Amino acid sequence: SMIDQIDTLSNIAAAFSRFASMPELKLKLFPVSELVRRVAALYPEDNVEFKAVDRDLQIYADPDQLIRVMNNLINNALQAIPEGRQGKVVVSLSKQEREVLIEVCDNGSGIPENQRDKVFEPRFTTKSSGMGLGLALVKRIVDGFKGRITFQTVMNEGTCFEVYLPLEE
């Protein structure tokens, strides 16, 4: 039992170490729609749908890190859907003035009001597994792209995470 606890603590320490020493961003210009579509296509299509209003949008970012962001947001969205409910996650992409807006919306249980201001903090989690680094990592990556992330939530109806990234004209 003590060895299991030590292993668990060791894993937690390793995860926080990886969080603290994130790889340097390798920024490049690329079409964001194709990347987001490819990530969404990795999930069962009866659970995850991709919609793109604008397809020819270019951003200057690190594609590998954006894949991490998308995977984290989609996985969280799928995990937020309560047992017994047919899950639906919609990933959409559009242009908002001089920014690309990527939305990941679920029909999950929503985020309770007393937890909303902690969502992007390291170590915060509502799950029994995981270390609460996912959304903190997502925020750090999005900030590194000079973007921003917000969310809208309604209890028992779902949550939409909104990632705004500067558009490269």
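The values are calculated or read from the model by the stated rules, or taken from the named source; none is laboratory data. None of the values given here were measured: they were computed from a predicted structure. Note that we place each Cβ from the backbone using ideal geometry, even for glycine, and neighbour counts take in every protein chain shown. For accessibility, only protein heavy atoms count, side chains too; no ligands or nucleic acids. Shrake-Rupley method; radii C 1.70, N 1.55, O 1.52, S 1.80 Å.
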Scanning the stretch 126-147 residue by residue, those surrounded by 15 or more Cβ atoms within 10 Å (Cβ to Cβ), assigned to a loop (DSSP other than H, G, I, E, B) and modelled with pLDDT under 90 turn out to be THR126, MET131, GLY132, LEU133
Would you check which residues across the stretch 148-163 are assigned to a strand (DSSP E or B) and either surrounded by 20 or more Cβ atoms within 10 Å (Cβ to Cβ) or at positive phi (or both) and list them? ILE149, THR153, GLY158, THR159, PHE161, VAL163
In the stretch 51-61, residues that are modelled with pLDDT of 90 or more, under 25 Å from GLY144 (Cα atoms) and not polar (S, T, N, Q) total 5
Name the single residue, out of those in the stretch 79-105 being of a type outside the set (Val, Ile, Thr) and closer than 14 Å to ALA52 by Cβ, that is modelled with the lowest pLDDT. GLN96
Checking the condition of a type in the set (A, V, I, L, M, F, W, C), open to solvent by 20 Å² or more (accessible area, probe 1.4 Å), touching a residue at least 40 places away in the same chain (Cβ under 8 Å) and part of a loop (DSSP other than H, G, I, E, B), which residue from ILE111, ILE81 passes? ILE111
Selection from the stretch 1-34 of residues open to solvent by less than 100 Å² (accessible area, probe 1.4 Å) and at pLDDT 90 or above yields LEU29, PHE30, PRO31, VAL32, SER33, GLU34
Of all residues in the stretch 35-71, count the ones that are more than 20 Å from ASP143 (Cα to Cα) and surrounded by 14 or more Cβ atoms within 10 Å (Cβ to Cβ). 10
Only residues that are in contact with a strand residue (DSSP E or B) (Cβ under 8 Å, 6 or more places away or on another chain), over 16 Å from VAL36 (Cβ atoms) and either of a type in the set (A, V, I, L, M) or open to solvent by 40 Å² or more (accessible area, probe 1.4 Å) (or both): list them for the stretch 84-93, please. LYS88
